[in-house]
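First the structure, in the form of structure tokens, and then the observations on it.
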Amino acid sequence: MGILEDKANARLFYKYLSQVYDRVNPFIWNAEMRDEALRELDIDSTDRVLDVGCGTGFATKGLLQYSKNIHGLDQSAHQMKRAFNKFGRTDDVKFHRGDAERLPFADDSFDAIWSSGSIEYWPNPIAALCEFRRVVKPGNRVLVVGPDYPDSWLFQQLADAIMLFYDEAEAQEMFETAGFVDIEHHIQQAHPGTPRAITTIARAPTASDTVDTSVQQQVGDPAVAPTND
Ligand SMILES: C[S@@+](CC[C@H](N)C(=O)[O-])C[C@H]1O[C@@H](n2cnc3c(N)ncnc32)[C@H](O)[C@@H]1O
């Protein structure tokens, strides 16, 4: 497990990175990539949408082009402070300080869930994805952007020491284990030679979907105490 796949380490990291995040971020995750991914989520103007690991609000700003009912959640007070400065605390975006692995929302309470650039910090991504499945309405979609696994052995060693980097096979396994269906992956890249992003879109099953429940029973649902927001 990489050094930043630890919630306290990630909070400390973002205490400092938040100061330059909006200037550094576009080199690997820019507005064109975000907007291309947003089109895939197919958000309706009346949708209630959750942005997990919203950070300074880069993707939140894109989500607002589609719906004015956005909820942003992040575990870093420093990142969220910058988001408050952009959007206010209670206007079109409702902010929540919290953990992706223990979402403070009721079952089936969102029409869509978005998360970009955050999964790589979660110590238990499958627990978080199970939470996504719990709070998104059955039949509806979630989209997660994370770092694609590098090709070269040297970068693989470096990547593994820092955080979660994963390929399509691992993404497929994580989303299937969390109980999602209709799972698709796309690779995105800002410029040749820069790190690639892997974007996964999946649908929460309805009663008519056949899901392999034996896999989920082995994993177990995360120990969460859902609350209404
Ligand atoms: C690279 S930033 C991404 C920000 C934004 N989504 C974007 O697209 O630019 C990653 C964010 O994930 C947040 N994060 C990391 N671990 C988290 C967790 N367990 N729960 C909630 N947020 C988390 C960090 O605090 C940080 O703000």
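Roughly speaking, what is the centre-to-centre gap between segment 1-23 and segment 126-170 when only Cα atoms are used, to the nearest Å? First find each Cα centre; the distance between them is then 17 Å. Between Val20 and Ser45, the FRET efficiency from the beta-carbon distance, with R0 = 41 Å, is close to 0.75. Neighbours of Gln19 by Cβ distance under 12 Å: Lys/Arg scored +1, Asp/Glu scored -1, total +3. The Cα center of segment 79-123 and the Cα center of segment 52-72 differ in position by 8 Å. Counting beta carbons within 10 Å around each of Cys54, Cys130 and listing the fewest first gives the order Cys130, Cys54. Counted residue by residue at 0.36 nm each, then reduced by the alpha carbon distance between them, the extension gain from Asp182 to Lys86 reaches 31.1 nm. Secondary structure note: in the chain, about 45% of the DSSP beta bridges are antiparallel. Net charge of the neighbourhood of Phe58, taken over other residues with C-beta under 11 Å away and scored Lys/Arg +1, Asp/Glu -1, is +2. Starting from the 7 Å offset along Cα-to-Cβ, what nm value, one decimal, do you get for the label separation of Ala31 and Phe155? The two pseudo-label positions are separated by 2.7 nm. Applying 0.36 nm per residue to the separation of Asp167 and Asp108 and subtracting their alpha-carbon distance, the gain on full extension is 18.4 nm. Working from Cα pairs under 8 Å separated by at least six residues, relative contact order for the chain is 22 percent.
Read-outs throughout are calculated quantities, based only on the coordinates presented, and are distinct from any laboratory measurement. Keep in mind that what you see is a predicted model, and the values were worked out from it rather than measured. Every residue, glycine among them, receives a Cβ derived from its backbone with ideal geometry; neighbour counts consider all protein chains shown.
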